[in-house]
Amino acid sequence: MSVAVNIGRRAVNTAHGIVEIALLAVVLLLLAMGFYALWDSNRVYQAADSTQYGMYKPSPDNDGLSFAQLQAINPDVFAWLTVYGTNIDYPVVQGPDNLKYVNTNAKGRYSLSGAIFLDTDCNKHFSDFSSIIHAHHMEKDVMFGEIGHFSTKSYFDAREYGVLYFDGQDHGIQFFAFLHANAYDTSIFRTKIVKAEEQEAYLKLLLERATQTRDVAVSTNDRIVLLVTCSQSSTDGRYILVGRITDELYDDPFFDNTERLRIDSLSGLWQQAPFWGKTIALSGLAVLLLWLIPMLLRKRRSQKKAVKTVPPRGDEDTWQ
């Protein structure tokens, strides 16, 4: 009987060991997948950070030499967009269609973050009455991730100006409206508006639909630009920040006190991770606890059992 009991106990212990090894393998796999998600997410945001292009920004100090070098890398680069008080400080490209730069960066390389690009129906000299610039809405305020913040009045009021470099010189931008629209709303997403009465009607529509506006005198004599990105509220929703292009340049009120976002200075990879990555990592930790706690409890029970079987001091004869 005792032999059968011992065999049964060994079988149970062996089964427990197999289960523990399997659980440990699952834990390690989940943790590996979670940490890969953290690393991959960090890599995507690093690639999308505007500081990756800072060396190419047009500047009077280098007479546009660095910008020319970027154009040599990718001839589709033709402009540079800066919005004061934000991390929007990127080169602008225009492709043969509106799909190329959804997953291609300004250097012409594959990238999930894509690039900031001018709608293919717009003139790259910004001579049209209205021009549309697209980019991805990304977390951590990279690419056009900050456009949605302009829905807040305090944020909109504090950020009125920017710079648009094209045709070899800087031009000012004065932002006067923010609105939310459907991606398929052809009344908003219009180009080649030539007739003066249609231009007036278009300006009126933008202001009527806007949730944030600024008292700026905009007329059909102006050239306007729409910065467009996806919204978080709906699948086909779009955030739109509207400004007028001017020959006047504006001072950057954030130049001395704005601390620009740097991906490598964020509080940690955890904050940069996508939801699925966090879920996997937390699942791995949960499985680890499910494996570790029972093991510790069994160990504790074994220790208590061992203590009970130790003979009392001085009673060795009785024990025998």
Selection from region 197-206 of residues exposed (fewer than 14 other Cβ atoms within 10 Å of the Cβ) and either hydrophobic (A, V, I, L, M, F, W, C) or part of a loop (DSSP other than H, G, I, E, B) (or both) yields ALA201
Within the bounds of region 183-194, is there any residue that is at pLDDT below 95, over 19 Å from CYS122 (Cα atoms) and outside any helix (DSSP H, G or I)? no
Filtering region 232-245 for residues that are crowded, with 20+ Cβ neighbours inside 10 Å and part of a loop (DSSP other than H, G, I, E, B) leaves a count of 0
If you go through ARG109, ARG159, the only one that is in the same structural domain as PHE178 (by TED's automatic domain parsing) and crowded, with 19+ Cβ neighbours inside 10 Å is ARG159
Scanning region 128-151 for residues that are part of a strand (DSSP E or B) and β-branched (Val, Ile, Thr) gives ILE132, ILE133
Only one of (1) at pLDDT 95 or above; (2) of a type outside the set (Gly, Ala, Ser); (3) not in a loop (DSSP other than H, G, I, E, B) does not apply to CYS122, and that is (3)
Conditions (1) closer than 27 Å to GLN199 by Cα; (2) assigned to a loop (DSSP other than H, G, I, E, B) -> GLY114 fails only (1)
Filtering region 216-231 down to residues that are at pLDDT 95 or above and either among the small types (Gly, Ala, Ser) or surrounded by fewer than 13 Cβ atoms within 10 Å (Cβ to Cβ) (or both) yields SER219, ASN221
Scanning region 27-84 residue by residue, those at pLDDT below 85, charged (D, E, K, R) and within 30 Å of HIS149 (Cβ to Cβ) turn out to be ASP40, ARG43, ASP49
The one condition GLU139 fails out of (1) at pLDDT below 95; (2) among the acidic types (Asp, Glu); (3) in contact with a strand residue (DSSP E or B) (Cβ under 8 Å, 6 or more places away or on another chain) is (3)
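The values are calculated or read from the model by the stated rules, or taken from the named source; none is laboratory data. Quick caveat, the model's predicted, so the values are computed rather than measured. Ideal geometry is used to build each Cβ from the backbone, glycine not excepted, and the neighbour counts take in all protein chains shown.
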